[in-house]
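Visitor: Can you keep this structure in mind? I'll have questions shortly.
The values are calculated or read from the model by the stated rules, or taken from the named source; none is laboratory data. None of these values were measured; they are calculated from a predicted model. Please note: Cβ atoms are built from the backbone with ideal geometry, for glycine as well, and neighbour counts cover all protein chains shown. Please note that ligands, DNA and RNA were not included when accessible areas were found on the heavy atoms of the full protein model with its side chains. Shrake-Rupley method; radii C 1.70, N 1.55, O 1.52, S 1.80 Å.
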Amino acid sequence: MKLYPHQQSGVAWLEERKVALLADEQGLGKTVTALAAAKSLDRILVVVPTVVLWNWKAEAETWLSDPNVQILSNGKAVLDSER
């Protein structure tokens, strides 16, 4: 995974915290920055608007070496075929 310098700084900042909110400007690569920081964690919870849900799933499957991505809606698993 090749990160831009501002993304590398973002990863370092996120890794220093137990709880964080990454709120960079639109288009700076928050998704990839967050996923890069998540690589060192056992589990993460990502809460996103429905409009970007499937994009997040695709990015996780692209950037994480062993993704186990589960999409939940109303507390129930949603399968890809239900998109």
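Visitor: Here are several values of volume of the Cα convex hull per residue in Å³: (1) 89; (2) 113; (3) 122. Which one was derived from the coordinates shown?
Guide: (2)
Visitor: With all protein chains present, how much of the accessible area of the chain (probe radius 1.4 Å) comes from carbon and sulfur, to the nearest whole percent? List each step's numbers first, then the result.
Guide: Details: 3430 of 6730 Å².
Ligands and nucleic acids excluded, carbon and sulfur give 51 percent.
Visitor: Taking the Cα centre of the chain as origin, sum charge times position over the Cβ atoms of Lys and Arg (+1) and Asp and Glu (-1), and report the length of that vector in debye to the nearest 20. Working shown, then result.
Guide: Working: 9 positive and 10 negative charges, 24 e Å.
Charge dipole of the chain: 120 debye, to the nearest 20.
Visitor: Another question, if that's okay. What number comes out for accessible area per residue over the chain if the probe is 1.4 Å? Units Å², please.
Guide: Numbers: 6730 Å² over 83 residues.
I get 81 Å² per residue for this part.
Visitor: Name the residue from L41, T62, L3 whose Cα lies farthest towards the positive end of the charge dipole of the chain, charges +1 on Cβ of Lys and Arg and -1 on Cβ of Asp and Glu.
Guide: Final value for the positive-end residue is L41.
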